[in-house]
Amino acid sequence: MKHFLYLAAIGIIAFFSACSHTGSKQQETISNERESALKTLGDSLHAITEKYPGEIGIAILTDTGDTITTNNAGKYPLMSVFKLHQAISLCHLFEENDISLDSIVNINRDQLNPDTWSPMLKDYSQNTINISVRDLLRYTLMQSDNNASNYLFENIESVNDADKFIATLIPRDSFKLKVTEAQMWDNHALCYENYSSPLGAALLINRLFTDSIIGKGNRDFICTTLKECKTGMDRIVAPLKDKTGVTIAHKTGSGFRDDNGVLSAHNDVGFIELPDGRHYTLAVLVKDFKGNETEAAKSIADISATVYSILTDKIYR
């Protein structure tokens, strides 16, 4: 009987050892397949950046902890992407001081630039614009309104203070905010003073959607507003808009042309949610592009299509 029990025990140990060995082999296979897929993605993105006449930086964060970057070392002009930084910081300021975003401000039309990009000016014809801070942020995030951004920076929270707060959320060396839209309008070369790495931009929007960096009410407001963004629909959104159940929240930025026709920046930073609840973050920052805006937008759309295809086919299976 003892001999039988001994043999049975040996058999059980051998069985579990075999199962463990099989499980380990399966895990190793999955790991190798994932590593191969990520390498394929990285190589594909690098090949796309080589096709276009400009410096293109890319950062991807997956919900499984993968980080993929291409040309991440550069300092890319943020342009209007910095309005996302502004909105997050301003919401934090209002929460600290127990102030509602529904507070009304009165803006004298003479304070505003009639020549800059400003859908708000078309919507409000009166000399004094009575508008809530929430609606000013809607204009900045959904339509990238420069006058709305300038008013908030000049009258409520300075660009330097916004810079300091955002530096508590993402690495200090990954970005810098220094000038307003008004200052860039007066001197286009100043756009290079507001910069970010692709990874810095990706980290910020990813933290907005996945972490409690501001209060839930204000966080939900910004996230919802970004999903309603109306600018740059030919960039990250373009190849995804017909994908059933895919939701895209994003913020764009578009740069100036210099005397040689070089486009300083053409950007899009997005948080993409898939029908099964998975998600990934994609930041594409284009710098010093020697082509037109349509070509720059296509480079971003090509990258977005490639990321979606490889992630959903090889990673999110």
- Note down the accessible area of Lys287, probe 1.4 Å, to the nearest 10 Å². 30 Å²
- Message: Suppose only helical runs count, i.e. DSSP H with n ≥ 4. What mean residue ellipticity at 222 nm does that imply for the chain under -39500 (n - 2.57) per run, divided by all residues and rounded to the nearest 500 deg cm²/dmol?
- Response: -15000 deg cm²/dmol
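Roll a 1.4 angstrom probe over the protein heavy atoms and tell me the percent of accessible area of segment 197-317 that is carbon or sulfur.
Working: 2100 of 4680 Å².
After summing per-atom areas, the C and S share lands at 45 percent.
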- Query: With labels modelled as points extended 7 Å from the Cα through the Cβ direction, what inter-label distance (nm, one decimal) is found for Asp102 paired with Asn292?
  - Reply: 4.7 nm
- Message: Just to confirm my numbers, what's the Cα centroid distance between segment 231-283 and segment 177-211 in Å?
- Response: 15 Å
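For Asn155 and Thr244 in one chain, what is 0.36 nm times their gap in residues minus the Cα-Cα distance, to one decimal in nm?
Taking 0.36 nm per residue and subtracting the Cα distance, the gain is 27.8 nm.
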- Between the modelled labels at Arg317 and Asn187 (7 Å from Cα along Cα→Cβ) the distance in nm is 5.4 nm
- Which pairs in the list Lys164/Lys216; Lys164/Lys251; Lys216/Lys290; Lys39/Lys287; Lys178/Lys243; Lys290/Lys314 are over 32 Å apart, alpha-carbon to alpha-carbon? Lys216/Lys290; Lys178/Lys243; Lys290/Lys314
- What spacing in nm lies between the two simple spin-label points modelled at Asp66 and Gln126, each 7 Å away from Cα in the Cβ direction? 5.3 nm
- Query: Just the accessible area per residue of the chain, please: how many Å² with a 1.4 Å probe?
  - Reply: 47 Å²
- Quick one: pull the percent of accessible area on segment 140-195 belonging to carbon and sulfur, 1.4 Å probe, ligands and nucleic acids left out. 47 percent
- Rounded to 10°, Cα long-axis angle of helix 293-310 versus longest principal axis of the chain: 20 degrees
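The values are calculated or read from the model by the stated rules, or taken from the named source; none is laboratory data. Bear in mind that the values here come from a model prediction, so they are computed numbers and not experimental data. Here the Cβ is made from the backbone with ideal geometry for all residues, glycine too, and neighbour counts use every protein chain on show. Quick note on the areas: whole protein, heavy atoms, side chains included, nothing else; ligands and nucleic acids left out. Shrake-Rupley method; radii C 1.70, N 1.55, O 1.52, S 1.80 Å.
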